[in-house]
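Only one structure is covered here, and it is reproduced in the block below.
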Amino acid sequence: MYNAKAVTIGIIIFVILFTSPFWASLLGKSYKETGISLPKNEKECVETTDFMRNKHMQLLNEWRDEALRNENRVYVASNGKKWAISLQNTCLKCHTDYKEFCDKCHVANSVDPYCWTCHLIPQGSTK
Amino acid sequence: MNKSRRSFLKVAGISAFALSSGVAAMQTLSATAEAKVAPGTYEKGAKALHAKRWAMVIDTRRFLSANDYKPLIQACHKAHNVPDIPDNQNIKWFWLDTFDHAFPDEMNEFLDNRRKLASYPLLCNHCTNPPCVRVCPTQATYKMEDGIVAMDYHRCIGCRFCMAGCPYGARSFNFKDPRKFLPDPVPNPAFPTRMIGVVEKCTFCAERLAVGQMPACVEASGGKILFGDLADPNSTVRKALAENYSIRRKPSLGTQPGVYYLI
């Protein structure tokens, strides 16, 4: 190969640079849980923890459409328990700590939902 | 290869049929999959008030001055966190105007002073044929099955077509952040505020009807405003309309307002 030495070194440098994010992540900080503080008085959310963690935004979207457009303002959960459909008056009744609950995950995941331009976060936990 | 035209068409036809049915099956599958994310079901509240067509009858004869409407306006604006912005960008849910402005179709120059000089309470008419709903490009405003013309602020893009479409001036645009003009904490912490850039209006208190309460202004009026089902001949509103002379705002436009005035 013509100029084999320089080419090989070049390829090695390229491969190291190209894969550098993987090396950096190996050396860097390990994954940390967001450390959200769950409501103290309640054990059970509307649905299972897994469902709420993955799909609370879709659930809220569906709640909004059902309540506003179809006047269905009661949600019967899969365990039969009935909940009034309201972000402000149902969800935030238990999840009172905006900073320690909502914000922890939203900030870690770089999402910026604008619920709070209209809906009021509970008193005592200002943004 | 030696294929006749006939056998080619046969194969082509069968393939087209197979493909199209596959596509149709996929569509129905994805439609059912998308329909709901929640594992639970939805229902109406146990105490919710129902009607085929909600309507309001305002007995303006029993309001002696503009001051008599003040508690009603306060009750409405308090219940819905409506700000008071001291310029021409104010938010109106329930407001007052003169007879000439409220009923421009009534062109009687020599109307008696009691009717001519009085103030009249104005609000969204919740029309049977709402022009605002027709012009909304995002379906942020829509007519519900009980006749209430409702707003979904989440969808409103602030284009203000509905304000141009509404012949009653019942819609207000949030030119400014309404929270700056509200006390902290807001008057009703159970109800949201609005944000800058959306249009808002009276909702016939759909959120109160859903829990079995009458609209805030009706409750504050002490019987001077009636609220009920226009489709039910025995309802209070139908009885009041049967016994009294009533007018509506700009009836010639054909919007069929749901707010009646006894004058």
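Each reported figure results from applying straightforward, stated rules to the coordinates on display, with no laboratory input. None of these values were measured; they are calculated from a predicted model. Ideal geometry is used to build each Cβ from the backbone, glycine not excepted, and the neighbour counts take in all protein chains shown.
When the stretch B:124-144 is examined, which residues are found to be more than 14 Å from chain A (Cβ to nearest Cβ) and buried (at least 17 other Cβ atoms within 10 Å of the Cβ)?
Correct list: B:CYS124, B:ASN125, B:HIS126, B:CYS127, B:PRO130, B:PRO131, B:CYS132.
Within the stretch A:67-78, count every residue that is surrounded by fewer than 20 Cβ atoms within 10 Å (Cβ to Cβ), without any contact (Cβ under 8 Å) to a residue 12 or more places away in the chain and either assigned to a loop (DSSP other than H, G, I, E, B) or among the charged types (D, E, K, R) (or both).
The qualifying residues number 1.
Of the residues that sit in the stretch A:24-66 and are aromatic (Phe, Trp, Tyr) and surrounded by 11 or more Cβ atoms within 10 Å (Cβ to Cβ), which one is farthest from A:LYS93 (Cα to Cα)?
Going through the qualifying residues, I end up with A:PHE51.
Which residue out of B:ILE196, B:ILE225, B:ILE148 is touching a residue at least 12 places away in the same chain (Cβ under 8 Å), of a type in the set (A, V, I, L, M), closer than 20 Å to A:GLU66 by Cα and in contact with a helix residue (DSSP H, G or I) (Cβ under 8 Å, 6 or more places away or on another chain)?
B:ILE148
Among the strands (runs of 3 or more DSSP E) confined wholly to the stretch B:1-120, which include 2 or more residues that are touching a residue at least 12 places away in the same chain (Cβ under 8 Å), closer than 30 Å to B:GLU243 by Cβ and of a type outside the set (Lys, Arg)?
Passing ranges, in order: B:54-59, B:94-98.
Which of (1) more than 17 Å from the chain's Cα centre (by Cα); (2) within 15 Å of B:TRP54 (Cβ to Cβ) does B:PRO233 not meet, given it meets every other one?
The number of the failed condition is (2).
Taking the stretch B:134-170 only, how many residues are among the β-branched types (Val, Ile, Thr) and farther than 25 Å from B:TYR120 by Cα?
The qualifying residues number 4.
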